[in-house]
1. Straight-line reach only, C-alpha to C-alpha below 24 angstrom: list the lysines that residue 62 could link to, leaving out same-chain residues fewer than 8 apart.
2. Could you give the dipole magnitude of the chain about its Cα centre, charging the beta-carbon of Lys and Arg +1 and that of Asp and Glu -1, in debye to the nearest 20?
3. Kirkwood-based Rg over Rh for the stretch 44-96 (C-alpha set), two decimals?
4. Keeping all protein chains in position, work out how much accessible area residue 383 exposes to a 1.4 Å probe, and write it in Å² to the nearest 10.
5. So for the chain, taking the charge dipole from beta-carbon charges (+1 Lys/Arg, -1 Asp/Glu), which of 269, 306, 340 sits furthest toward the positive end?
6. Compute the angle between helix 84-96 and the longest alpha-carbon principal axis of the chain, please, reported from 0 to 90 degrees and rounded to the nearest 10.
7. Let me cross-check residue 68: its accessible surface, 1.4 Å probe, with only protein heavy atoms counted, in Å² to the nearest 10?
8. Provide the three semi-axes, in whole Å and in decreasing order, of the ellipsoid equivalent to the stretch 1-124 as defined by the square roots of 5 times the Cα gyration tensor eigenvalues.
Amino acid sequence: MGTGHPQEDLNQVIRQHSEWLATQLHAQRESLFPPDAAKAMRTFSSGEAAALLGVNDSYLRKLHLDGKGPSPEVSPGNRRHYSAQDIQDLRQLLEKTARRPGDYIPGRRDGDRMQIIGVMNFKGGSGKTTTSAHLAQYLALAGYRVLAIDLDPQASLTALHGVQPEFDLEDGGTLYDAIRYEDPVPIAEVIRKTYIPNLDLIPGNLELMEFEHETPRALAQGHAGLFFFRVKEALNQVDSDYDVVVIDCPPQLGFLTMSALSAATGVLVTIHPEMLDVMSMSQFLRMTADLMDVIADSGADMSHDWMRYLLTRYEPTDAPQNRIVAFLRTMYGDKVLNATMLKSTAISDAGLTKQTLYEVERSAFTRSTYDRAIESLNAVNHEIAALIQGTWGR
Ligand SMILES: Nc1ncnc2c1ncn2[C@@H]1O[C@H](COP(=O)(O)OP(=O)(O)O)[C@@H](O)[C@H]1O
Ligand SMILES: [Mg+2]
């Protein structure tokens with residue numbers, strides 16, 4: 001036609017933009033975190049360590065003076081700082097003389113089932129990743145052996161733990177490798193240690209989407225088997241290595257979420273208490289129930305130990321939110337966790353530097369802001385830990 005207007009192929013434009021963005025983001029990360037500087041966990045003040053262990057600081061001080069247990073770093077003014085590993089070593093030491101077994105090492109005992117907690121909701125931004133990360137880290141610091149799984153192709157949980165989904169996983173390394181239909185690898189091959197003792201991670205990236213594409217194909221060809229048990233079967237291989245598995249689910253009800261749901265012993269549905277979110281949750285619940293019916297029809301056991309709603313990014317001073325919270329509590333009763341995750345700039349600011357509130361220093365924030373946020377997170381995680389203990393009959 002010769003209008004003279006230059007034409008561009010959309011796919012080329014998009015590819016170019018993707019490359020620019022990836023390069024820029026990579027450069028930005030390199031300047032923020034030099035390439036060899038792996039993430040590290042901060043140290044804990046003696047007060048924090050004592051609180052994590054549930055003992056008095058004076059008792060920790062006595063152990064130190066008696067030369068028992070790990071040697072904390074001592075700074076001018078005689079302040080003691082404990083690494084996360086020191087705290088873990090203290091757990092081992094204290095457990096030996098504990099009044100009741102499990103006071104310091106609270107994980108599974110003989111006959112206790114590994115707990116698999118699926119954090120889900122198909123609404124993006126409902127706080128799934130924030131909840132998963134803080135829960136996994138809290139449990140690890142509390143002495144549980146934890147495996148965190150990023151099942152979201154967007155891989156925020158992965159990035160939060162210092163693994164770059166687009167650069168560090170070029171040869172695979174996500175759960176997809178262990179659940180794919182062709183040549184699945186042993187799950188141990190995709191598990192990596194993190195910078196936090198007791199916390200291992202299976203990272204995610206876009207490759208997880210393959211499972212969404214391959215499952216319908218495998219179903220059509222009749223070799224998908226009980227596809228929704230592929231996550232559970234993969235986890236069975238490492239059953240003796242963990243007390244709790246935390247799965248951060250993708251924001252959709254696809255085959256990945258279904259597989260997580262089928263593996264889960266506990267289900268946590270995150271809800272941001274706003275009208276639009278609650279309306280979409282109604283659909284989410286109905287579709288989930290429909291899916292679970294389908295799975296149950298194939299003879300699978302769909303029983304769970306517990307299911308709870310967690311209110312996230314909650315602002316107690318917001319009247320409309322309070323009405324929704326009251327409405328949910330009336331309707332769902334004790335299925336809604338008592339503790340809520342308060343909205344806090346401490347949580348979102350920590351997230352900007354790819355950290356949880358357990359990783360940042362209290363001194364980086366206004367004290368009251370930090371304290372309010374961490375109290376809310378600890379209360380939520382404490383309540384979930386009690387549910388876990390409950391399933392073990394304690
Ligand atoms: N309690 C909170 N207070 C403040 N910001 C929060 C809180 N929880 C989550 N956020 C922020 O909201 C955004 C979405 O949370 P995220 O956990 O990624 O949701 P999801 O995984 O469901 O998409 C993130 O930027 C996160 O930092
Ligand atoms: Mg997320």
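The values are calculated or read from the model by the stated rules, or taken from the named source; none is laboratory data. Source: prediction; values computed, not measured. Quick reminder, even Gly has a Cβ in these numbers, built from the backbone with ideal geometry, and neighbours come from all protein chains shown. Accessible surface is based on the protein model in full, side chains and every heavy atom, while ligands, DNA and RNA are left aside. Shrake-Rupley method; radii C 1.70, N 1.55, O 1.52, S 1.80 Å.
1. 96
2. Numbers: 37 positive and 51 negative charges, 359 e Å.
Charge dipole of the chain: 1720 debye, to the nearest 20.
3. On the Cα set of the stretch 44-96, Rg over Rh gives 0.91.
4. 50 Å²
5. Of 269, 306, 340, it is 340.
6. Rounded to the nearest ten degrees, it is 60.
7. So the heavy atoms of residue 68 present about 110 Å² to solvent.
8. Values: eigenvalues 562, 112, 23 Å².
Over the Cα atoms of the stretch 1-124, the ellipsoid semi-axes are 53, 24, 11 Å.
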